[in-house]
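The values are calculated or read from the model by the stated rules, or taken from the named source; none is laboratory data. All values reported here derive from a predicted model rather than from experimental measurement. Reconstructed Cβ throughout: ideal geometry from the backbone, glycine too, with neighbour counts over all protein chains shown.
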Amino acid sequence: MIEFISTNAFARIIFLLLLFGLVVLVAGFLASRVSRRAVLKAQLQSITGPTAQQGRPRLEERRDTAWSRLADRVEAAGLSLADTNADALRDKLRAAGYTSSAAPRLFTLARLLMILALPALYLSLTSLGGDQLTFKQLYIYPTALAVLGMYLPNLYVTAKADRRREEITNGFPDCLDLILVCVEAGLGLEAAMDRVGREMVESHPLVAQLLSVTTLQLRAGSQRDAALRKLGESSGVDEIRSFATLLIQSDKLGTSISDTLRVYASEMREKRRMRAEEKAHRLPVLISIPLVVCMLPTMIGVLLMPGMIRVVRQLIPALGGGG
């Protein structure tokens with residue numbers, strides 16, 4: 001195919017036009033993102049002032065994006081983007097960090113685009129050679145690419161949810177220690193969460209975002225138990241759900257929050273240490289696989305090579321002469 005493009009003038013022009021269009025789209029997308037962020041930053045600074053943004057986590061903007069408008073146009077054309085299991089899909093996207101109301105529709109739109117784009121791209125590249133397409137090239141490979149395009153967004157969301165969950169799990173013990181220090185210093189739970197959310201913006205931004213959202217819900221008039229339950233649900237981490245349940249029970253029973261936080265913070269640090277030890281104990285097993293596959297055949301060859309050379313040079317000729 002590369003030789004055909006390099007020798008055929010028409011194919012070379014088509015390839016260069018496609019490459020130029022792709023570069024223009026990427027450059028335009030990056031330029032629009034940069035300009036949009038610059039405009040938003042200038043507007044926020046003009047409204048709140050330069051000092052009000054210090055120590056505040058940058059929360060996700062809820063705006064009507066180009067993808068949302070595209071999804072609206074697709075649905076207006078008559079194609080429904082609603083999923084049959086909308087609640088499970090929404091929970092899965094929320095665990096990955098996509099909390100927008102349009103996220104399920106955009107996920108379904110991405111799957112449809114991948115299903116159509118991958119086979120179309122493969123057929124267009126294959127047909128540039130000018131040869132007649134075989135049965136596999138025309139039916140089998142595009143079908144496999146369509147199935148792959150249907151599952152690729154799912155795999156991406158799952159991997160992103162796992163990374164987000166791991167990052168929150170690793171940063172939550174530090175969050176508990178800081179909340180415990182603030183509570184023992186005399187701050188209330190809401191003020192402690194707000195303070196810790198400000199301080200952990202750079203070190204653990206996801207944990208800081210969760211705490212800041214919970215603080216804003218409490219200030220907006222939400223009840224403490226409802227805000228804490230939403231904190232556990234939005235995090236997608238079992239430890240934070242247990243932490244929210246523990247605080248709700250401590251608040252209802254009237255026990256000391258500082259004692260509760262001290263015990264739970266100690267347990268979280270112990271769990272993090274145990275996870276680190278578990279990963280350390282898994283390393284010898286994981287390292288043994290490449291050692292056996294790569295190094296063991298080389299070592300066997302090095303040890304047996306002198307004996308094999310001696311057999312070829314001395315033993316085989318002696319056996320042949322004696323026979």
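Computed quantities for the displayed model
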{"quantity": "Test result for LEU81, in a loop (DSSP other than H, G, I, E, B) and either at pLDDT below 80 or among the polar types (S, T, N, Q) (or both)", "calculated": "yes"}
{"quantity": "Meets criteria (over 15 Å from GLY188 (Cα atoms), out of contact with any His (no Cβ under 8 Å at 6 or more places or on another chain) and surrounded by 14 or more Cβ atoms within 10 Å (Cβ to Cβ)) for ALA220", "calculated": "no"}
{"quantity": "Residues of the range 84-101 satisfying the condition of being outside any helix (DSSP H, G or I) and closer than 18 Å to LYS160 by Cα", "calculated": "ALA96, GLY97, TYR98, THR99, SER100"}
{"quantity": "Single residue of the range 184-208 satisfying the filter (out of contact with any helix residue (DSSP H, G or I) (no Cβ under 8 Å at 6 or more places or on another chain) and within 22 Å of THR169 (Cβ to Cβ)) that is surrounded by the most Cβ atoms within 10 Å (Cβ to Cβ)", "calculated": "PRO205"}
{"quantity": "Index of the failed condition, TYR139 passing every other in (1) more than 29 Å from SER242 (Cβ to Cβ); (2) modelled with pLDDT of 85 or more", "calculated": "(2)"}
{"quantity": "Single match in SER258, SER203 (criterion: in contact (Cβ under 8 Å) with a residue 24 or more places away in the chain and either closer than 20 Å to LYS92 by Cα or outside any helix (DSSP H, G or I) (or both))", "calculated": "SER203"}
{"quantity": "Criterion (crowded, with 16+ Cβ neighbours inside 10 Å and either of a type in the set (Lys, Arg) or not in a loop (DSSP other than H, G, I, E, B) (or both)) met by exactly one of ALA226, ALA244", "calculated": "ALA244"}
{"quantity": "Residues of the range 199-213 satisfying the condition of being under 18 Å from ASP177 (Cα atoms) and touching a Leu at 6+ places or on another chain (Cβ under 9 Å)", "calculated": "GLU199, MET200, GLN209, LEU210, LEU211, SER212"}
{"quantity": "GLY197 vs. criteria assigned by TED's automatic domain parsing to the domain that holds GLU239, not in a helix (DSSP H, G or I) and not β-branched (Val, Ile, Thr)", "calculated": "no"}
{"quantity": "Candidates GLY236, GLY221 - the one that is out of contact with any Lys or Arg (no Cβ under 8 Å at 6 or more places or on another chain), in the same structural domain as PRO173 (by TED's automatic domain parsing) and on the phi > 0 side of the Ramachandran plot", "calculated": "GLY221"}
{"quantity": "Residue ID - nearest to ASN170 (Cα to Cα), chosen from residues in the range 295-309 that are surrounded by fewer than 10 Cβ atoms within 10 Å (Cβ to Cβ) and of a type outside the set (A, V, I, L, M)", "calculated": "THR298"}
{"quantity": "Hits in the range 102-159 - residues which are polar (S, T, N, Q) and either under 19 Å from the mean Cα position of the chain (by Cα) or surrounded by 18 or more Cβ atoms within 10 Å (Cβ to Cβ) (or both)", "calculated": "THR108, ASN154, THR158"}
{"quantity": "Criterion violated by LYS252 - all others in (1) within 22 Å of ALA185 (Cβ to Cβ); (2) part of a helix (DSSP H, G or I); (3) modelled with pLDDT under 85; (4) not acidic (Asp, Glu) satisfied", "calculated": "(1)"}
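Quick grid of which residues meet (1) at pLDDT 80 or above; (2) surrounded by 11 or more Cβ atoms within 10 Å (Cβ to Cβ); (3) of a type in the set (Val, Ile, Thr):
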| site | (1), (2), (3) |
| --- | --- |
| SER35 | no, no, no |
| LEU40 | no, yes, no |
| PRO50 | no, no, no |
| ALA96 | yes, yes, no |
